[in-house]
Structures are given as structure tokens and as C-alpha cells.
């Protein structure tokens, strides 16, 4: 469904996606170890959300499930809302991205319910 099949480990896990997850996790831990400041809950969530998303995305059964695009849209909305809540960069930018992503959640919920693929960028 999503392009080429994964290079598979024992439980149908993409080893390449798992390797990217591991690299990102190591970089995130390294960055956190270098700071003396406390991390806000919003920034912590912004760090954990991609890790959870990448970990689940490495598992073929999750990635190939029909609800995965909806889950991806929810993830993106939560990530942008976390950026807005953290006050990092421009709140206007994060707010606009969160609202646009929320529209994406509505579209993907419709697509999931009706078996459609409206407004989806599919390059296959």
C-alpha cells in the first residue's frame, strides 16, 4: 500500500525506519544532556511525539493500517499545537500550522470513514 515493502526484521519492522528512530532518539538525548535549563512540558511533548510516531511508523502493521493517515494528521496537529504552546519561534506561525493541520484531521477522518483519499498527496 505505501510503496516498496520494508526491509523486514522478525516482526515486520522496517530496519531503516528503526535506524532513523534510533538516530533521532540518540540526538534528542544528546541535546537534552547538553542543556542546563529545565525543559518545558510542551517542548518535552514535542520531543516525545516524533519518537512515538517514528517508532510506530517502523512497524509495518501500523503503517499499513487504513487509519495511519488519520493518526499522522493527529500527530502533526499535536506537534504544531505543542509548538504554539511552547512559545518557540512565532506563535502566529505555529497557530496557523496547527489550524491547517486540524483541517487535515477533519479531511482524514472523512477519508477514513468513507474509504476516500481527498486532498491526499500521493506520489505513487
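Values computed for the structure shown
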| quantity | calculated |
| --- | --- |
| Close pairs from the stretch 27-53: first at negative phi, partner not in a helix (DSSP H, G or I), Cβ under 7 Å, at least 6 apart | 32/39 |
| Residue list for the stretch 56-67, restricted to those being without any contact (Cβ under 8 Å) to a residue 60 or more places away in the chain, crowded, with 17+ Cβ neighbours inside 10 Å and out of contact with any strand residue (DSSP E or B) (no Cβ under 7 Å at 6 or more places or on another chain) | 56, 57 |
| Some residue of the stretch 1-23 being surrounded by 13 or more Cβ atoms within 10 Å (Cβ to Cβ), over 19 Å from the mean Cα position of the chain (by Cα), modelled with pLDDT of 85 or more and more than 17 Å from residue 52 (Cβ to Cβ) | yes |
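The values are calculated or read from the model by the stated rules, or taken from the named source; none is laboratory data. Here the structure is a predicted model, which means the values were calculated and not measured. So basically every Cβ, Gly included, is an ideal-geometry build from the backbone, and we count neighbours across all protein chains shown.
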